[in-house]
Amino acid sequence: MDGSEEPLADREWRLIREEAWSGAMNMALDEVAAETAAAGGPRTLRVYRWEPSTLSLGYRQDPDTVDWDYCEREGIGVTRRPTGGGGIYHDSRGDISYTVVAPADELPGDLVESYHLLCVPILDAFERMGVPARFAETERPAAHQPACYLRELHPAHDVVVATAGTERKVSGNAQHRRTDAVVQHGSLTYAVRPERHLAVFADAGVTPAAFRERVTGVADHADVSRSDGVERLEAALADWADATEGAWTDDELERARELAEEKYASDGWTRRRPGRR
C-alpha cells in the first residue's frame, strides 16, 4: 500500500478519550484492542494516563537496570511493553500517552513508512498545542542505553523540538507488529521531571541537568494546560481517522483485566531476563 494514501477515514474507528489505568492494564488494553481490530471490530485510537506513575520497560530490557527498591518505595508501578526500546518513566501528570491500533493489512508494510503515517496526528497535535515538533534529523549518541529518552535519536519514530541548534526529545513512539494487527503507542512529555525519571534506573550516571539537555516537554514551549493538551491530541487523532467517540465493551474490559493479572503485572513478564520468552 502507498503510504501517501489516506486509507483510514472509510474504516470504522473509535476514539477512547483519556482514561487512567495501571501500567499493566494499559498494556493489556492495547493487546485487547489489537484482538478486536483483527477480529473485524473497530480500529482503536486511545489516549491515557498512567495511574500510578509507571516505568514501562522495553521488551528486551534487562530487569537489573531498574531500581526496584526506589520504585516500590515511591509507589511507582513497573510493567514491560511488547515493544522494544528502553525504559520510560510515565509520570501520572507529566506524561500524555496514546495508542493507534489497526489491522496489519491496512497499514504500510515498510516500518518507517508506517511510523510516518501513524505519527501524522501526533505531529498535528503538537502543532495544535503550539509546540514546533518534528522528526529527529540529527544523530546523537546514547547517554544511558536503558533509558528510552536518553538513547540515540532515531528519525523514524523520535519526535524532537529544535532549540539553539540542539534537538531535544519530546515524544517517543514504538510499534508492535503482529501478523494480524499493528499497535503503535507513544509517550508525549508534557512536563519534564528529570529527577524522578532518572531515579527509577539503577546507576543511571546522568545528572538532571544533562537529562534536560536531551529532553523537553510541552510546558517548556507552550502556554497550554495538560488537560488542553490532551483535548488537542484527542481532536487530532479523531480528525485524522474520522473517528467517533467510543468505549470498551464489557467483554474487552474483562479480557484486559485477565491479561493484566496473568501477564503484564506478573514477575514472570516484568522481571524476565533478555532472551526469555
Open item on the list: Here's a check for you: in region 205-225, which residue that is in contact with a Lys or Arg (Cβ under 9 Å, 6 or more places away or on another chain), within 14 Å of residue 170 (Cβ to Cβ) and not small (Gly, Ala, Ser) is surrounded by the most Cβ atoms within 10 Å (Cβ to Cβ)?
Closed with: 218
Task: Considering residues of region 128-153 that are free of Cβ contacts under 8 Å to residues at least 24 places away in the same chain and surrounded by fewer than 21 Cβ atoms within 10 Å (Cβ to Cβ) only, the residue nearest to the chain's Cα centre (by Cα) - done: 152
Open item on the list: Looking at residue 229 and the list (1) surrounded by fewer than 22 Cβ atoms within 10 Å (Cβ to Cβ); (2) touching a helix residue (DSSP H, G or I) at 6+ places or on another chain (Cβ under 6 Å), which single condition is not satisfied?
Closed with: (1)
Task: Within region 18-40, considering residues that are surrounded by fewer than 20 Cβ atoms within 10 Å (Cβ to Cβ) and touching an Asp or Glu at 6+ places or on another chain (Cβ under 8 Å), the one nearest to residue 231 (Cα to Cα) - done: 18
TODO: Check whether at least one residue in region 196-204 is surrounded by 17 or more Cβ atoms within 10 Å (Cβ to Cβ), in a loop (DSSP other than H, G, I, E, B), at pLDDT below 95 and among the hydrophobic types (A, V, I, L, M, F, W, C), and report yes or no.
DONE: yes
TODO: Would you check which residues across region 107-147 are part of a helix (DSSP H, G or I) and among the acidic types (Asp, Glu) and list them?
DONE: 113, 124, 127
Open item on the list: List pairs: first residue in region 248-277 and under 30 Å from residue 14 (Cβ atoms), second residue assigned to a loop (DSSP other than H, G, I, E, B) and modelled with pLDDT of 95 or more anywhere in the structure, Cβ distance under 8 angstrom, at least six positions apart or on different chains.
Closed with: 256/248; 260/22; 265/22
- [ ] From the list 65, 99, 83, 79, pick out the single residue that is more than 22 Å from residue 31 (Cβ to Cβ), among the β-branched types (Val, Ile, Thr), buried (at least 16 other Cβ atoms within 10 Å of the Cβ) and out of contact with any Cys (no Cβ under 6 Å at 6 or more places or on another chain).
- [x] 65
Task: Residue in region 83-123 that is nearest to the chain's Cα centre (by Cα), counting only those that are under 22 Å from residue 142 (Cβ atoms) and among the aromatic types (Phe, Trp, Tyr) - done: 89
Open item on the list: So if I check each of 161, 170, which one is within 14 Å of the chain's Cα centre (by Cα) and surrounded by 14 or more Cβ atoms within 10 Å (Cβ to Cβ)?
Closed with: 170
- [ ] Examine region 103-117 for a residue that is touching a residue at least 12 places away in the same chain (Cβ under 8 Å) and within 22 Å of residue 21 (Cβ to Cβ), and state whether such a residue exists.
- [x] no
TODO: Kindly check whether there is at least one residue in region 79-93 that is free of Cβ contacts under 8 Å to residues at least 60 places away in the same chain and either more than 22 Å from residue 263 (Cβ to Cβ) or not charged (D, E, K, R) (or both).
DONE: no
Task: Residue count for region 83-106, restricted to those that are out of contact with any Asp or Glu (no Cβ under 7 Å at 6 or more places or on another chain) and either within 25 Å of residue 193 (Cα to Cα) or assigned to a loop (DSSP other than H, G, I, E, B) (or both) - done: 15
Open item on the list: So for region 232-241 (the condition being among the acidic types (Asp, Glu), touching a strand residue (DSSP E or B) at 6+ places or on another chain (Cβ under 8 Å) and surrounded by 13 or more Cβ atoms within 10 Å (Cβ to Cβ)), does at least one residue qualify?
Closed with: yes
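The values are calculated or read from the model by the stated rules, or taken from the named source; none is laboratory data. For clarity, every value in this text was computed on a predicted model and none was experimentally measured. Please note: Cβ atoms are built from the backbone with ideal geometry, for glycine as well, and neighbour counts cover all protein chains shown.
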